[in-house]
Structure formats: C-alpha cells, structure tokens
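Note sheet for the following structure.
The values are calculated or read from the model by the stated rules, or taken from the named source; none is laboratory data. All values derive from a computational prediction rather than experimental measurement. Note that each Cβ is placed from the backbone with ideal geometry, even for glycine, and that neighbours are counted across all protein chains shown. For accessibility, only protein heavy atoms count, side chains too; no ligands or nucleic acids. Shrake-Rupley method; radii C 1.70, N 1.55, O 1.52, S 1.80 Å.
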Amino acid sequence: MTELAPDAGFGRKNPKLKSALLQHKPLSLAGLSERLFGLLFSGLVYPQIWEDPIVDMTAMQIRPGHRLVTIGSGGCNMLTYLSAGPARIDVVDLNPHHIALNRLKLAAFRHLPSHKDVVRFLGETGTRSNVQAFDLFLAPKLDAATRAYWNGRALNGRRRIGVFGRNIYRTGLLGRFIAASHLLARLHGINPQDFVKARSMREQRQFFDDKLAPLFDRPVIRWITSRKSSLFGLGIPPQQFDELASLSEEKSLAAVLRHRLEKLTCHFPLRENYFAWQAFARRYPQAHEGELPAYLQAQNHEAIRNHAERVQVHHASFTELLAGKAASSVDRYVLLDAQDWMTDRQLNDLWTEITRTADAGAMVIFRTAAEASILPGRVSAALLDQWHYDAETSVKLGAEDRSAIYGGFHVYRKKA
C-alpha cells in the first residue's frame, strides 16, 4: 500500500493514452492495464494503512533522536511512530489525496480538544458532529491547500470533509474494493459481516473453513482472481500480480488470496486485530468489541499530540526527498511495498540515496507481495554489500503482521 513511482501516475490527463486513441494506435494489454491502474490510483486509495505499525515498531526500535523517512499512505504508521518520540519524521507520498489526509490527521491530534474527540473524529462512524469539529477546530489551523481540499466538493457534490461524518473507511479505492467483495460473497450466500460475531479463535477458524474458504473454489471467483484488473482495489498493480501469480501453478491468485485470508481470520484473536474488523465490519471495533489501532489508544495520545509538530509531509517521491538530504542524516526508512513497483534503475537510484543518507546503525524496512526480498540481483552488489539482511527477524515479524496482505517483511541494517 504505497506511493506510485514518479512515472506511474495517471493524474487528470494522460497525453500518451489520448494520443494513442486519437491516432488509433493499439495499446498493448499490459500497457493498458498499467494505465488503468494509474487512473484508479489518482484518487484517494487508502483511508487507513494496511501495514501493521506494531510490527514496524518492533523492528525499528525507534528511540528519541531518531530521524525517519516513511511513505505516507493512510497515515496511521507515522502517527504510531510518533508515540516513540523520534526527533523527526519526513512523510512522502505522490498522491495528493493522501497528502491531504496525512495533514488532516496530524491536525486532529494537535488541535482537537481531547483524546475522545480524536477517536470520535478518526475512529468512529456516523458522527455528524465531526464536520462541525473540523470547521471549528481544524480548518482555521490547516494550511490553505489542505483546507481547500477538505472544503472542496467530491463528484457527488458533497464536501469532502463530510466523509468523516459518515464512514471514511468505506471510501477510497480500497473501501470500494471491500464493498464489492462483500457483494460478491453475498451473491454466493455468505455475509462477511457475520465473521465479527465470532467469540473465539475456534469460531474464527470455523467461519473461515465453512464460509470463506469454499468461495475460492467457485468458478466465477477463480475467473475474477485470474484477472489483473480485478485486484487493483487491493493495491495490487500489474507487477505485483505477476509476482503473486508465479506462486500458483495455475497463475491465478485464488490460492494465494485464500492463504492470506486464512491468516487474517485465523492467526490472531479478533479482539486484537482491527484489520479484520475493517475487512469484515468495515469499521474499527467499539470499546467492548476489541482494540483500536495503537495511534488511537489513550496511552499514546499525549505523546503523539506533543510530537506532531515533528512531522513534515512532502508531496514528493522517496528518492527525490532523500536527494535533498545531507549524508548520514537518516536513521530509519519505511518503504512499505513501493519497491515491488520499481524498475531496476529506480531501485538502484533509491538505494544509492538510502546508502548515502544512512547514519550509523540505520535500518530499512519494507514489504513484498511474494515472500523473498526483491533486492538481490536487482540492486547492485556494491550497494547491497553495505547492508546486512536480518533474515531471522524478517521471517519472525512477517508472521506477526496482522494485516496478512503481504508475503514478506524485510529488515536491512547498515553495516558498521
């Protein structure tokens, strides 16, 4: 769940596609697929992040004084990192919708009166007073561009900020994908929301075995999961689809998705996995139902509020931001799954800047669609030889990632 590479964004216009259509020049299926993905990703994609920040925190061991660079996405990760009191966090994203969302979430912590107000604004649904809270407490404190974004109108004519009075987690590309998945399951006689009625891991397992697993044997679902475009809503671009499909003999994602859904539903108690709540109930759990994300928990509120001013949100690529930094000026790097999308040249440009800016003891964490790290054989040996891959920690923490979307979690440490 990540930023687009600099040349992957579709934006408002795509001159190459327009020219090809006007001149009747055929686009390759692969090229059209990539451009469709770019078009879908030009809007809001992730209202919340789908990488487990607790796994990140365990891996990075953030200390006061650390300087971090991370991809923004839904913003939940950088807010969680703030609870450890780092000296600085630079957040980058090439999607302007994510930029506006990250800045709004930071403002909520800085300017809403209390922890309960923050939870009401970011963690609850159907709270119409959130729009008034925005107008009263947040809008006057936001920069002009972010204020204009949230006061602006969506395609349906409503103010964008209105989603916080309804359910922002049902919006965005991922929210619409989850809605479509629920509809497809219902057409096969299964209501996914019934999963949150489970009261034990045994009941969770039973629901998966009896209700969810058989869906992946249905012909229509196997056909859908063999199409690259069907999974764009999960944030799986064509490159990642090919990587995942290679894990299956039939080149379909049905078996892969079944395995990852099994992890989401069966490997963690429902009360402790807000990712499962978002997938099945399309909201966070209430206090009597389970735990909120770490950044919304009361014990972390004061630290996040006090450190929010240490975050800078940049509309830039990771490599672009690092190119403007001094040598040995960064301690922790969080790449999400961005590298799965990159060409060899982009990977080497990125790791050149990471290696140059990494301070002693620096650490890079990232995720991959498949299990193995994608760096060996693609990033030059001269660069990778300066880093140690912590295979044991990577495997251990990958198994603990409650979102269950990714195949691999990876930890690289700068050699002395």
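Out of curiosity, is Thr265 of a type in the set (Ser, Thr, Tyr), over 29 Å from Phe109 (Cα atoms) and part of a helix (DSSP H, G or I)?
Criteria met by Thr265.
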### Task
Hey, can you tell me all the residues within the range 109-134 that are open to solvent by 30 Å² or more (accessible area, probe 1.4 Å), under 20 Å from Ala298 (Cα atoms), without any contact (Cβ under 8 Å) to a residue 60 or more places away in the chain and not charged (D, E, K, R)?
His111, Pro113, Ser114
### Query
If you check Phe208 against the conditions, is it without any contact (Cβ under 8 Å) to a residue 60 or more places away in the chain and open to solvent by less than 70 Å² (accessible area, probe 1.4 Å)?
yes
### Selection status of Ala255, in a helix (DSSP H, G or I) and of a type in the set (A, V, I, L, M)
yes
### Query
Mind checking which pairs have a first residue in the range 382-411 that is more than 25 Å from Val256 (Cα to Cα) and in a strand (DSSP E or B) and a second that is among the aromatic types (Phe, Trp, Tyr) and open to solvent by less than 40 Å² (accessible area, probe 1.4 Å), Cβ under 6 Å, 6 or more apart or different chains?
Trp387/Tyr412; Tyr389/Tyr412
### Test result for Arg283, surrounded by fewer than 22 Cβ atoms within 10 Å (Cβ to Cβ) and free of Cβ contacts under 8 Å to residues at least 12 places away in the same chain
no
## Note on the structure
Filtering the range 273-306 down to residues that are touching a Phe, Trp or Tyr at 6+ places or on another chain (Cβ under 9 Å) and closer than 25 Å to Val364 by Cβ yields Phe275, Pro293, Tyr295, Ile304
### Message
Going by what's in this entry, would Lys116 be described as basic (Lys, Arg), in a helix (DSSP H, G or I) and under 22 Å from Tyr46 (Cβ atoms)?
### Response
no
#### Entry: Selection from the range 286-320 of residues that are outside any helix (DSSP H, G or I), surrounded by fewer than 21 Cβ atoms within 10 Å (Cβ to Cβ) and among the aliphatic types (A, V, I, L, M)
Ala287, Leu292, Ala316
### Message
Suppose we filter Leu155, Leu174, Leu183 for residues that are part of a helix (DSSP H, G or I) and open to solvent by 70 Å² or more (accessible area, probe 1.4 Å); which single one remains?
### Response
Leu183
### Query
Does the range 141-149 include one or more residues that are buried (at least 21 other Cβ atoms within 10 Å of the Cβ) and within 21 Å of Tyr284 (Cβ to Cβ)?
no
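Looking only at the range 91-103, which residues are touching a helix residue (DSSP H, G or I) at 6+ places or on another chain (Cβ under 6 Å) and open to solvent by less than 10 Å² (accessible area, probe 1.4 Å)?
Val91, Val92, Asp93, Ala100 - these are the residues of the range 91-103 that are touching a helix residue (DSSP H, G or I) at 6+ places or on another chain (Cβ under 6 Å) and open to solvent by less than 10 Å² (accessible area, probe 1.4 Å).
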